[in-house]
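The values are calculated or read from the model by the stated rules, or taken from the named source; none is laboratory data. Source: prediction; values computed, not measured. Using ideal geometry, Cβ is built from the backbone for each residue, glycine included, and neighbour counts are taken over all protein chains shown. Keep in mind that these areas ignore ligands, DNA and RNA; they rest on the heavy atoms of the full protein, side chains included. Shrake-Rupley method; radii C 1.70, N 1.55, O 1.52, S 1.80 Å.
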Amino acid sequence: MTDPAAAPADSADPAWRPTLDGSIVLRYDRVRGADLLLMPERAVRLSGTGGRILRLCDGSRTVDGIIAELAETFPDAPLDAEVPVFLDRVRARGWLR
Amino acid sequence: MTTTDVPPPWGLLAEVTHACPLHCPYCSNPLELVRPSAELSAAEWTRVFGEAAELGIVQAHVSGGEPLLRADLAEIVAAAHRAGVYTQLVTSGVGLTAGRLAELLAAGLNSVQLSLQDARRPGSDLIAGRVSYAEKEEAAGVIRDAGAPFGLNVVLHRRNLDNLREIIEVGARWGADRIELANTQFYGWALRNRAALLPTRDQLDAAKAVVAAWRAERDAPELVWVLPDYYEGVPKPCMGGWGARTITVGPDGTALPCPAAYAIPDLDAPNVRERPLGWIWTESPAFNAYRGTEWMSEPCRSCPRREVDFGGCRCQAHALTGDAARTDPACALSPDHDLVRAATEAPRADEFVYRRPGRSVSG
């Protein structure tokens, strides 16, 4: 990625409301017991945590909002440190807008 | 490997028809094309997609031939969508009007892959065996305007590799998200036309430099480079291993581990009209014939790469040696590698044998 606007530090942007790219379908796969990201020519198996985070990326929540919602279920997890890093990684792949 | 520990398949290649307005001399359809009268109905495809989803299939290429020639295509796509399967239309673009695409997207279609034969009209129409470039350009506009995820697929060979930079620029101008640069794989029709299609090593080296330069300059469109195995000395892990990832279902319901496997005559291919897809995947002799590593002989059996490339392509081994269980001759370790090297050194031809029904015997 050469566009500085896409640099990882951006997730600190309080206005960003992550949403999956339009080419991507997030669905639970009953056969494999895992959440999948489906896209042209590719399927990505998510960890349970990854699936839980990305399910909240529907364009309605900011990153802080996503962290707050996860904190209700996982009060002791280091969400402030890990969720932004995860979202940046997924955005760098072009899967989040 | 026993049938109980066969991992579920990921993908389905649904060849809904072998009819096609184009006549590309490298078509991946078999030499013996299935007639439209033998095609599965939309109701049969609905059952196939239901069984596929139960089995673990999450993605389908709805392909042909030209799938748009099926008037009931939206019904087939809707069935796949209802089953939870992510669908990609694989099309020549001929017949892809805005209305037709809107109907398919409404049925749940997820993405479109358009074929292009060359950068400019004369070259593209020559390879396609039909005037079609302008319709492809229009189709690209239709896909872009609909905002659908858009892949461009270009089969590469001796006659268009030198235009690669321009091909990529056309793809970028047409609005493709990704361009699949698919070096010709020599089975079926392409094997028949090998002397006219096989590039030189110099052409491939120049093409790789073009791809590297594009990737260094730009992030988009994404380029996917399919390896030209005749020059690599290592075989490709065809389909990720026999019966490991995908099922091909032909227009008449023939089920195969790979679209080139029609050509392996003693395979006894199962049919979805006679057997459930679950049995076909886990139990059928055809899908178990070259699964895993037990079937291998030397040099594959003791090779450290046996779980990496699975001995290469069974269809290529059969096409070149007459024995699908031999090491893929594309591998430099194969005792038959001379067959591949000789082809790269043989004189080239200029005439194509175009893909047409009933052409396979007379050539």
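What the table shows:
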item	result
Qualifying positions in region B:164-222 - under 22 Å from A:SER23 (Cβ atoms) and in a helix (DSSP H, G or I)	B:ILE168, B:VAL170, B:GLY171, B:ALA172, B:ARG173, B:TRP174, B:TRP214, B:ARG215
Boolean, B:ARG100 is closer than 26 Å to B:LEU152 by Cα and either of a type in the set (Phe, Trp, Tyr) or more than 14 Å from every other protein chain (Cβ to nearest Cβ) (or both)	yes
Lone qualifier among B:ASP202, B:ASP219 - being without any contact (Cβ under 8 Å) to a residue 12 or more places away in the chain, surrounded by fewer than 17 Cβ atoms within 10 Å (Cβ to Cβ), away from every other protein chain (no Cβ under 14 Å) and not hydrophobic (A, V, I, L, M, F, W, C)	B:ASP202
Extreme residue, nearest to the other protein chains (Cβ to nearest Cβ), among residues of region B:152-175 that are open to solvent by less than 10 Å² (accessible area, probe 1.4 Å) and not hydrophobic (A, V, I, L, M, F, W, C)	B:GLY171
Residue list for region B:136-147, restricted to those being within 14 Å of another protein chain (Cβ to nearest Cβ) and surrounded by 22 or more Cβ atoms within 10 Å (Cβ to Cβ)	B:ILE143
Test: residue in region B:170-178 that is more than 30 Å from B:VAL58 (Cβ to Cβ) and free of Cβ contacts under 8 Å to residues at least 60 places away in the same chain	yes
Residue match in region B:263-275 (condition: within 14 Å of another protein chain (Cβ to nearest Cβ) and in a loop (DSSP other than H, G, I, E, B))	no
Region A:50-63 - residue that is more than 10 Å from the chain's Cα centre (by Cα) and surrounded by 14 or more Cβ atoms within 10 Å (Cβ to Cβ) and, of those, farthest from A:TYR28 (Cα to Cα)	A:THR62
Qualifying positions in region A:36-49 - open to solvent by 20 Å² or more (accessible area, probe 1.4 Å) and either within 20 Å of B:GLN88 (Cα to Cα) or within 14 Å of another protein chain (Cβ to nearest Cβ) (or both)	A:PRO40, A:GLU41, A:ARG42, A:ALA43, A:VAL44, A:ARG45, A:LEU46
Filter result (on the phi > 0 side of the Ramachandran plot and without any contact (Cβ under 8 Å) to a residue 12 or more places away in the chain) within region A:36-64	A:GLU41
From the options B:ALA74, B:ALA119, B:ALA79, residue that is hydrophobic (A, V, I, L, M, F, W, C) and either in a loop (DSSP other than H, G, I, E, B) or within 16 Å of A:ARG27 (Cβ to Cβ) (or both)	B:ALA119
Helices (runs of 4 or more DSSP H) lying entirely in chain A (those with 3 or more residues that are at pLDDT 95 or above and under 30 Å from B:GLU54 (Cβ atoms))	A:48-55
Residue within region B:50-60 that is within 17 Å of B:GLN113 (Cα to Cα), modelled with pLDDT of 95 or more and crowded, with 18+ Cβ neighbours inside 10 Å present	yes
Filter result (open to solvent by 10 Å² or more (accessible area, probe 1.4 Å) and within 19 Å of the chain's Cα centre (by Cα)) within region B:93-109	B:VAL94
Considering residues of region B:122-135 that are assigned to a helix (DSSP H, G or I) and closer than 20 Å to B:LEU197 by Cβ only, the residue farthest from the other protein chains (Cβ to nearest Cβ)	B:PRO122
Region B:2-55: number of residues that are within 14 Å of chain A (Cβ to nearest Cβ) and under 29 Å from B:VAL155 (Cβ atoms)	6
Qualifying residue in region B:268-284 (condition: closer than 28 Å to B:HIS337 by Cβ and surrounded by 18 or more Cβ atoms within 10 Å (Cβ to Cβ))	no
Region B:304-363: number of residues that are touching a residue at least 40 places away in the same chain (Cβ under 8 Å) and of a type in the set (A, V, I, L, M)	10
